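Below: the structure, in structure tokens.
The values are calculated or read from the model by the stated rules, or taken from the named source; none is laboratory data. Predicted model only: the values in this text are computed from it and were never measured. Because the Cβ atoms are built from the backbone with ideal geometry, glycine has one as well, and the counts that use them run over all protein chains shown. Areas reflect the complete protein model, heavy atoms only, side chains present, ligands, DNA and RNA absent. Shrake-Rupley method; radii C 1.70, N 1.55, O 1.52, S 1.80 Å.
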Amino acid sequence: MIKNTSSDKGKHIDDLRAAIEHRATWFYLLVKEAKKRGLDYDFARDAIHACGEFHGKNKYTQTDDLTKFEPEFATQNVKDIFEMDVTTTQQEMKIEFHYCPLVSAWQKLGATEEEIETLCDIAMDGDRGIACAFPAFEFELGKTIAKGDDICEVFFRKK
């Protein structure tokens, strides 16, 4: 049996980041092609929001308790991939992201700052959709790496 060393963990996280970058790449190319064909961003927003709602209803335990929601939403892998700091109370879950593989992918693809900001906001529609699946929660997006901030801030709060 091979023990999991810290370098194995780093390789695992790098592989997961690469998978997310791959998804961000096809997302960017899909949106870019849709724009060429005259579509606006609404199709992507609606689809990603619906995906978030689906996961909110089917992936996570339905609860009105943020302390129960937090370990399902912010798993250790997710924390490691996005270099997240999570602080959760009964009233609020605050997440600070210090790295974003989606932004990294979009930068590598040569997306403009405006495109990256828009793509990020569309991607966050997934989290907005998740929040919609929980009647007791509301969602707020604060700072974002995509807008040039040093962190992203995501808040889930009790209504």
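Pairs are defined by a Cβ separation below 7 Å, a sequence spacing of at least 6 or placement on different chains, a first member in the stretch 121-139 that is within 15 Å of PHE69 (Cα to Cα) and of a type in the set (Phe, Trp, Tyr), and a second member that is open to solvent by 50 Å² or more (accessible area, probe 1.4 Å) and at pLDDT 95 or above; the pairs so defined are PHE137/ARG157; PHE137/LYS158; PHE137/LYS159; PHE139/ARG128. Checked against the criterion of being assigned to a loop (DSSP other than H, G, I, E, B) and either more than 14 Å from the chain's Cα centre (by Cα) or modelled with pLDDT of 95 or more (or both), the stretch 44-59 contains one or more residues that satisfy it.
Scanning the stretch 110-135 for residues that are surrounded by 15 or more Cβ atoms within 10 Å (Cβ to Cβ) and part of a loop (DSSP other than H, G, I, E, B) yields ALA111, ALA133, PHE134. Do the conditions hold for THR144, that is, is it polar (S, T, N, Q), crowded, with 20+ Cβ neighbours inside 10 Å and at pLDDT 95 or above? Answer is yes for this residue. Only residues that are within 30 Å of PHE43 (Cα to Cα), over 14 Å from the mean Cα position of the chain (by Cα) and part of a helix (DSSP H, G or I) were counted across the stretch 73-105, and they come to 0.
Taking first residues from the stretch 16-28 that are at pLDDT 95 or above and partners that are of a type outside the set (Val, Ile, Thr) and open to solvent by 30 Å² or more (accessible area, probe 1.4 Å), the Cβ contacts under 7 Å between residues at least 6 apart in sequence or on separate chains come to LEU16/ASN77; ILE20/LEU102; ALA24/LEU102; THR25/LEU109; TYR28/LEU109. In the stretch 61-87, the qualifying residues are those that are farther than 27 Å from ASP14 by Cβ and of a type in the set (Ser, Thr, Tyr), and the one that is most open to solvent (accessible area, probe 1.4 Å) is THR61.
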